[in-house]
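**Q** Sharing a structure below in structure tokens format, with a few things to ask.
The values are calculated or read from the model by the stated rules, or taken from the named source; none is laboratory data. None of the values given here were measured: they were computed from a predicted structure. For neighbour counting, all protein chains shown are included, and Cβ atoms are generated from backbone atoms with ideal geometry for every residue, glycine included.
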Amino acid sequence: MKQVEPSASGEAMSIDLQTVKKIASLSRISVTDAEAQAMVPELNNILGWVEQLGEVDVTGIEPMTAVIPNVQRLREDVVTDGNVRELVLANAPQAEHGFFAVPKVIE
Amino acid sequence: MTNLTDLTVAEIRDGFRAGDFSAREVAEGFNANVAAAKALNAFIVETPDKALEAADAADRAKAAGETPGALAGVPIGMKDLFCTKGVQTTAASHMLEGFVPTYESTVSGKLWAAGAGMLGKLNLDQFAMGSSNETSYFGNVISPWKRGGGDNAALAPGGSSGGSSSAISARLCPAATGTDTGGSIRQPAAFTGISGIKPTYGRCSRWGIVAFASSLDQAGPMARTVRDNAILLEVMSGFDPKDSTSLDLPVPQWEANLSSDLKGKTVGIPKEYRPDGLNAEISAMWDRGIEWLKDAGANVVEVSLPHTQYALPTYYIIAPAEASSNLARYDGVRYGQRDLPDGAGLQDMYAATRAAGFGPEVKRRIMIGTYVLSAGFYDAYYTQAQKVRALIARDFELAFEKCDLLLTPTAPSSSFALGEKQADPLAMYLNDVFTVPASLAGLPAMAVPGGLDAAGLPIGLQVIGKALDEQTVLNASLAIEERSGFTARPDKWW
């Protein structure tokens, strides 16, 4: 097995601060400038390392969709649960009048 | 009198049935060990009353002449990734701190139905992401093992099932559940001198297990002996209509069919698992394992798994991609933490909640996953990784045309000191180099102890089998267990 070595930070990829902030935003994780800055070399290192997959010849290979062959089952089209509103809401940070409550969405 | 907490699962089960001791005596013994082992930080929540409740029920049923369940009288530890009704389930995260499921995971439910009792919820790497149990919001788990020569460094119990491995090797429980996405049962088992098996993907229902990477996650048992693993795996396995990837197959009688006679079996030794620079003691242990399997009657052949070197980078695309999708559910709305800054809108609440609720490694993986799935990069990363994954699975298929099982090391080293590898996420990821390929291919794989290294720490061997052939995996592991004579245990310091 070839030793898998991390590439030097930033060499293979060019993820910059702006990209990290974009990814954080897509991930719905707020980050400070300092946190985002610290992530630039970390993410570059990891992504630079996984880049090596590009060298594998995958001509004619279908992407894997199921690790163990299995049939997609269909169940009877009947109600199998429900009427458990209190249980569903039991762990909600904020539940009111039988609903999940969130900050105002419409201005 | 025998120390009940030194007994194996089989010995507890059989002794309870024979009336040598009561289930309550066993539960009290383990409860006492758990209570006295705070220094290991193996449990997030201790549930001594649950253990006693199950024990008393087993004792009453026995007195009434009822047929005992498969695990009647046996208390176990439950990895805190399994939802347990009425008992906090956190995945070792701040995000789920205080989350009390209103339902029971299928696997834990099967164990309780078989008569097992719960000693507590075991610590782990946060959302099962880690190889050293250093990412838990509830603090590091400490291995009961120490290096020889007076070195007092706190060692890693492995991860992510580090609470399980630490607790079993310290005799806080005779067995525990684990989950394995890329090695999270096998590597901690190897680090602590115990056994653990990841069954074929789909054997154990994923329903009610906090999801990390759904195409890889599998539950499995961890215990001190191969037989104990067979006993637990039989109870944990089985079809579950609530998991769309659950295999609708009967559960074999793995325990009854245990046999360490390997005549007629061919063991493949994958040459790619012996890279230049492989730790000499790990390499020597592997050679000893080969001799043990020959001694048990097996033929040994060299095989090739040519895409092995690409398994880890493939895993570190696929697992984060699935994690970024699975962990999207933690939004501060339906369960778990909510962080609502003054005047924040819904989107701000999501971002603030997730910033506060997730630890650094979880954020790192969510962001990697988000990136590789994002528009313009999806094909280059994710589709390519799924193609390479197909090639890795094909490598195994071709190898299994020449052999019945594979023998490899479990981890590239014995346990390391806490803090030693934390600075570099990539160095930590390399711990899973020998365990990840079988995960990507969905194959059953077991870690079994082989011996101690020069520092006095356990090192293990890994047996990988064909899909659905857990029996051969267990049998070969039993052959190793019988020949290694591994009886070492950590000296009590906690």
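**Q** Can you tell me which residues in the stretch B:104-154 are of a type outside the set (K, R), part of a helix (DSSP H, G or I) and under 18 Å from B:T89 (Cβ atoms)? Show your work before the answer.
**A** Filtering the stretch B:104-154 down to residues of a type outside the set (K, R) leaves B:104-109, B:111-120, B:122-145, B:148-154.
If we keep only those that are part of a helix (DSSP H, G or I) as well, we get B:106-109, B:111-113, B:126-128.
Within the stretch B:104-154, B:T106, B:V107, B:S108, B:G109, B:L111, B:W112, B:Q126, B:F127, B:A128 qualify.
**Q** Could you please tell me which pairs satisfy a Cβ distance under 6 Å, a separation of 6+ or placement on different chains, a first residue in the stretch B:9-34 that is touching a residue at least 24 places away in the same chain (Cβ under 8 Å), and a second residue that is part of a helix (DSSP H, G or I) and of a type in the set (F, W, Y)?
**A** B:A23/B:F16
**Q** Here's a follow-up. Filter the stretch A:52-82 for residues that are assigned to a helix (DSSP H, G or I) and either more than 8 Å from chain B (Cβ to nearest Cβ) or surrounded by fewer than 16 Cβ atoms within 10 Å (Cβ to Cβ) (or both) and give the result. Full working, then the answer.
**A** Narrowing the stretch A:52-82 to residues assigned to a helix (DSSP H, G or I): A:52-55.
Residues satisfying the conditions are A:G54, A:E55.
**Q** Mind checking which residues of the stretch B:248-287 are surrounded by fewer than 18 Cβ atoms within 10 Å (Cβ to Cβ), part of a loop (DSSP other than H, G, I, E, B) and of a type in the set (S, T, N, Q)?
**A** B:Q253, B:N257, B:S259, B:N279
**Q** When the residues of the stretch B:288-311 are narrowed to those that are part of a helix (DSSP H, G or I) and surrounded by 24 or more Cβ atoms within 10 Å (Cβ to Cβ), which ends up nearest to the other protein chains (Cβ to nearest Cβ)?
**A** Filtering the stretch B:288-311 down to residues part of a helix (DSSP H, G or I) leaves B:288-295, B:308-311.
Imposing the further condition that a residue be surrounded by 24 or more Cβ atoms within 10 Å (Cβ to Cβ) reduces the set to B:289, B:293, B:310-311.
On the way: B:G289: 18, B:L293: 22, B:Y310: 6, B:A311: 9 Å.
Only one residue tops the list, namely B:Y310.
**Q** Which of the residues that make up the stretch B:329-365 are in a helix (DSSP H, G or I), within 8 Å of chain A (Cβ to nearest Cβ) and either of a type in the set (A, V, I, L, M, F, W, C) or surrounded by 18 or more Cβ atoms within 10 Å (Cβ to Cβ) (or both)? Break it down stepwise before answering.
**A** Within the stretch B:329-365, the subset in a helix (DSSP H, G or I) is B:329, B:346-357, B:360-365.
Subsequent filtering for residues that are within 8 Å of chain A (Cβ to nearest Cβ) retains B:346-352, B:354-355, B:363-364.
Correct list: B:L346, B:M349, B:Y350, B:A351, B:A352, B:R354, B:A355, B:K363, B:R364.
**Q** Out of the residues in the stretch B:398-448 that are more than 14 Å from chain A (Cβ to nearest Cβ) and charged (D, E, K, R), state the one that is surrounded by the most Cβ atoms within 10 Å (Cβ to Cβ).
**A** Of everything passing the filter in the stretch B:398-448, B:D404 is surrounded by the most Cβ atoms within 10 Å (Cβ to Cβ).
**Q** Take the stretch B:249-285 and flag every residue that is at pLDDT 95 or above and of a type in the set (D, E).
**A** Once the filter is applied, which keeps residues that are at pLDDT 95 or above and of a type in the set (D, E), the stretch B:249-285 yields B:E255, B:D261, B:E272, B:E281.
**Q** Write out, first by first residue and then by second, each pair whose Cβ atoms fall under 9 Å of each other, whose residues are 6+ apart or on separate chains, and whose first residue, in the stretch B:261-283, is among the basic types (K, R) while the second is surrounded by 15 or more Cβ atoms within 10 Å (Cβ to Cβ) and modelled with pLDDT under 95.
**A** B:K271/A:M1; B:R274/A:M1
**Q** Also, I was wondering about something else. Is it true that some residue in the stretch B:149-161 is in contact with a Gly (Cβ under 6 Å, 6 or more places away or on another chain) and charged (D, E, K, R)?
**A** First, pick out the residues of the stretch B:149-161 that are in contact with a Gly (Cβ under 6 Å, 6 or more places away or on another chain): B:159-161.
After this cut, where a residue has to be charged (D, E, K, R) as well, the list is none.
No, there is no match, as no residue in the stretch B:149-161 is in contact with a Gly (Cβ under 6 Å, 6 or more places away or on another chain) and charged (D, E, K, R).
**Q** What number goes with the only condition from (1) touching a strand residue (DSSP E or B) at 6+ places or on another chain (Cβ under 8 Å); (2) assigned to a loop (DSSP other than H, G, I, E, B) that B:G163 does not pass?
**A** Condition not satisfied by B:G163: (2).
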